[in-house]
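Colleague: Got a structure here, written out as structure tokens. Questions coming.
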């Protein structure tokens, strides 16, 4: 089954490639929208600016391909900017996101402490509606590696899968149908990150 990693020009693809290999697959990197439409799974990493990421996706016709694939049920795993672009807008840019989820991306207030938020921090989950297979083996207070100045604010709190605290609670990951995306970097999060990626590959 083909797992594609979308090259939007704003991600550390090498570290993501190594992590996915360690988790059990050999991913294909692509900026070809047709490859995205044919993929069995989509991974969207990203570091850098929201506007640059969205602009590069639009330039290559990838935004439309991602939206089509996501709406068709293709499993999607977003990392950092790969989370942000799912929403409608961002404080970082006037560019619009993909709009697959309602809500926006907001910058941390200086009152929370040093911005960007960088380093290891623990996450919490709520399994009140049933355990999610993608979080299998991720116990409460698992630590992941973060580096970000912005966080998502979903309109519908039911899409929140994991939470974290930095000055205030913020969304560490979302889960909605075939979409999973995280604010932290699983490729930099050692065993916990590999567990999460392996679960996605089995989904």
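Colleague: Would you pick out the residues in segment 163-203 that are under 26 Å from residue 115 (Cα atoms), out of contact with any strand residue (DSSP E or B) (no Cβ under 6 Å at 6 or more places or on another chain) and assigned to a loop (DSSP other than H, G, I, E, B)?
Modeller: Result: 167, single match.
Colleague: Looking only at segment 187-199, count every residue that is under 14 Å from residue 137 (Cα atoms) and in contact with a helix residue (DSSP H, G or I) (Cβ under 6 Å, 6 or more places away or on another chain) and tell me the total.
Modeller: 6
Colleague: Does residue 130 count as modelled with pLDDT under 95, surrounded by fewer than 17 Cβ atoms within 10 Å (Cβ to Cβ), touching a helix residue (DSSP H, G or I) at 6+ places or on another chain (Cβ under 6 Å) and under 20 Å from residue 196 (Cα atoms)?
Modeller: No, not satisfied.
Colleague: For segment 3-23, does any single residue satisfy the condition of being crowded, with 17+ Cβ neighbours inside 10 Å and over 25 Å from residue 134 (Cβ atoms)?
Modeller: No, every residue in segment 3-23 fails to be crowded, with 17+ Cβ neighbours inside 10 Å and over 25 Å from residue 134 (Cβ atoms).
Yes or no, residue by residue, for (1) assigned to a strand (DSSP E or B); (2) out of contact with any strand residue (DSSP E or B) (no Cβ under 8 Å at 6 or more places or on another chain); (3) over 21 Å from residue 47 (Cβ atoms):
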| residue | (1), (2), (3) |
| --- | --- |
| 98 | no, yes, no |
| 123 | yes, no, no |
| 137 | no, yes, yes |
| 147 | yes, no, no |
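Colleague: Give segment 78-92 a look and list any residue that's without any contact (Cβ under 8 Å) to a residue 60 or more places away in the chain and either buried (at least 24 other Cβ atoms within 10 Å of the Cβ) or part of a loop (DSSP other than H, G, I, E, B) (or both), or say none. Step through it out loud before you land on a result.
Modeller: Residues of segment 78-92 that are without any contact (Cβ under 8 Å) to a residue 60 or more places away in the chain, as a first pass: 85, 88-89, 91-92.
Matches in segment 78-92: 85, 88, 91, 92.
Colleague: Quick check, is residue 119 on the phi > 0 side of the Ramachandran plot, modelled with pLDDT of 95 or more, in a strand (DSSP E or B) and surrounded by fewer than 17 Cβ atoms within 10 Å (Cβ to Cβ)?
Modeller: yes
Colleague: Suppose we filter segment 34-64 for residues that are without any contact (Cβ under 8 Å) to a residue 40 or more places away in the chain, assigned to a helix (DSSP H, G or I) and buried (at least 19 other Cβ atoms within 10 Å of the Cβ); how many remain?
Modeller: So the count comes out to 2.
Here's the yes/no breakdown for (1) exposed (fewer than 14 other Cβ atoms within 10 Å of the Cβ); (2) touching a residue at least 40 places away in the same chain (Cβ under 8 Å); (3) in contact with a helix residue (DSSP H, G or I) (Cβ under 8 Å, 6 or more places away or on another chain); (4) under 16 Å from residue 85 (Cα atoms):
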site	(1), (2), (3), (4)
102	yes, yes, no, yes
107	no, yes, no, yes
114	yes, no, no, no
126	yes, no, no, no
150	no, yes, yes, yes
154	no, yes, no, yes
169	yes, no, no, no
174	no, yes, yes, yes
181	no, yes, yes, yes
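Colleague: Among (1) more than 15 Å from residue 9 (Cβ to Cβ); (2) modelled with pLDDT of 95 or more, which single condition is residue 63 missing?
Modeller: It fails just one condition, (1).
The values are calculated or read from the model by the stated rules, or taken from the named source; none is laboratory data. This one's a predicted model, so the numbers in the text were calculated from it and none came from an experiment. Here Cβ is always computed from backbone atoms with ideal geometry, including for glycine, and neighbour counts include all displayed protein chains.
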